[in-house]
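A quick write-up on the structure given underneath.
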Amino acid sequence: MAGKSASSNPLVITGKAPDTSQHVQLHPLALLTISDYITRHTLRSQQGPIAGAVIGEQNGRSFTLEHAFECKLQEQKGEVLVDGSWFAERLEQYRDVHKAPPLDLVAMFALGPVQGPQKVHLPLLKQVQQLTGNDSIMLLLFHGELVDHLQGGKLPISLYECVQEHEGAQIKFRELSFEVETGEAEMIGVDTVAKAGSTAIAVQNGDAAQTGESSKKATGKGKGKGKAKEKDKDDEGEMASMLSPEDDELIASLTAKTNAIRMLNQRINLIRSYLDTMPTSYLTDPSSTAPPPDTTNHSLLRSVNSLLSRVPLLAPQTPSVTLSNGHEEAAAAPSAPAPPPSGIHAAGAKERQDVHLTSLLAALSRSVAEAQSMGSRFHIVSREKDNKARTTFGSSGGRGGGGGGGGRALGGFADEGLMGEAGGVS
């Protein structure tokens, strides 16, 4: 787009790509406001130009375009300008509302061709710069002719900054690159607009008139004795046609998935058509010796190759089932061969096997720990019994003859000692 505007527009600086030194973030709320303003202006068949202001935050060379509002315009000597007092009051109101973080005027938006800014935009931009005392006001152009032709998620807008080499020279424009930034509140707002737009119906003026006449006729027919009965039937029909919140949520989910699948199909067809237009390469045809043309987009081809390499990770391959010739399997095999399991079932079976293996390992570890604990306890008990037996044997031998206790088992040392002491006393 920069090359096209540079070759046919004297107001745009030629021979340079879009400037990337400035970091510009465009928020969806500003885009929604601009598109809503243009849509209402078009559907109502309003006359006059379209222009407005965009407020945001500036931090050095970083800008954010967060909110937009339409401006009250007036024509003076063939030039389109803003109402100075109205614009100053409205801008001050926005500054009062957005104080944390503080937002101020950063850009003006208007309709414009793909070639870039025109001379009709210069008086408006100069007036706003004088009113605000800010020479770094940017210009955001909305290209209405590209709305029905753009694909691949591109936006029909361009952003320009004003460049004035020296005082008194004509203002020129340099195209800026920008990125779309979305916050949580904006995601909620965009989701609400998307859900409301999915059920909206465009009604032309003639259709609206026919709809009004039909509603009047229906009201006229309702007069009479059967008015109450027809009203009750209509109410019952409306109650029957109403869906529950769960059904609405399911329909919205299915609609979103359908749109996502349709967009994915379009992207795949686009990649396929692009690859079909590429010449034969030595990578696919070993007999080809022609080098790739200079217009080959190697970065895009690398992206396509990277996408293809990630596809097997997203969709696991179906494992091959090998049947053994053993007697047991032949007897247990069904009469009709079972179809091989799909990739999802195979992945689920592998996950279940991993879970069972982990549980078995945990049970085995617990059993080993319990066996080790039991062995330690048995060792301690055995050692204590041996120590007690040795102590009892030594005390009975020192008393000098307790009645031949040495010929008995070790388990009766304590009893024999007591009997020896009783004999000595007597």
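Go through ILE268, ILE157 and list them by solvent-accessible area, largest first, probe radius 1.4 Å.
ILE268, ILE157
Return the FRET efficiency for the residue pair LEU243, ALA347: r is the Cβ-Cβ distance, R0 is 35 Å, and the value is rounded to the nearest 0.05.
For R0 = 35 Å, the calculated efficiency reads 0.45.
How much net charge surrounds ALA88 when only other residues with a Cβ under 14 Å from its Cβ are counted (Lys, Arg +1; Asp, Glu -1)?
Charge balance near ALA88 sits at -2.
Per 5 Å bin, what is the whole-percent P(r) computed from every C-alpha pair distance within the stretch 23-181?
1, 8, 18, 23, 23, 16, 8, 3, 0
Please find the FRET efficiency linking LEU155 to ARG95, where r is the Cβ-Cβ separation and R0 is fixed at 45 Å, and quote it to the nearest 0.05.
The formula returns an efficiency of 0.95 here.
I want to check the label-to-label distance for THR289 and LEU111. Put each point 7 Å from Cα in the C-beta direction and report it in nm to one decimal.
Once both label points are built, they end up 6.0 nm from each other.
Hey, quick one: spin label on ILE251, modelled 7 Å out along Cα-Cβ, who in the stretch 163-190 has an amide N within reach, i.e. under 12 Å?
Taking a point 7 Å out along Cα→Cβ of ILE251, no residue of the stretch 163-190 has its backbone N under 12 Å.
Evaluate the distance, in nm, between pseudo-label points positioned 7 Å from the Cα of VAL311 and of GLU179 along their respective Cα→Cβ axes.
2.9 nm
Can you pull the one-decimal nm distance between simple spin-label points at SER85 and ASP354, each 7 Å off the Cα toward Cβ?
7.3 nm
Mind ranking LEU243, LEU140, LEU155 by accessible surface for me, highest first, 1.4 Å probe?
Accessible-area ranking of LEU243, LEU140, LEU155, largest first: LEU243, LEU155, LEU140.
Can you give the accessible area of GLU89, probe radius 1.4 Å, in Å² rounded to 10?
That residue has around 110 Å² of solvent-accessible surface.
Using a 1.4 Å probe on the protein heavy atoms only, what accessible surface does HIS379 show? Give it in Å² to the nearest 10.
Probe radius 1.4 Å; accessible area of HIS379 about 110 Å².
Sequence-distant or interchain residues sharing an amide H contact under 5 Å with ALA51, placed H: which?
Placed amide hydrogens put CYS71 under 5 Å from ALA51.
Please list HIS41, HIS23, HIS98 from largest to smallest accessible area, probe radius 1.4 Å, with all protein chains kept in place.
Putting HIS41, HIS23, HIS98 in descending order of accessible area: HIS23, HIS98, HIS41.
Where both residues lie in the stretch 23-181, what percent of DSSP beta bridges are antiparallel, nearest 5?
70 percent
What figure, in Å² to the nearest 10, do you get for the accessible area of LYS172 with a 1.4 Å probe and non-protein molecules left out?
Accessible area, nearest 10 Å²: 80 Å².
So if I take the centroid of the Cα atoms in the stretch 120-143 and the same for the stretch 249-270, what is the distance between those two points in Å?
Each part's Cα centre sits 40 Å from the other's.
The values are calculated or read from the model by the stated rules, or taken from the named source; none is laboratory data. Bear in mind the structure is a predicted one, so any value in this text is a computation, not a measurement. When we count neighbours, we look across all protein chains shown, and the Cβ atoms used for this are built from the backbone with ideal geometry, even at glycine. In case anyone asks, the SASA skips ligands and DNA or RNA and just uses the protein heavy atoms, side chains included. Shrake-Rupley method; radii C 1.70, N 1.55, O 1.52, S 1.80 Å.
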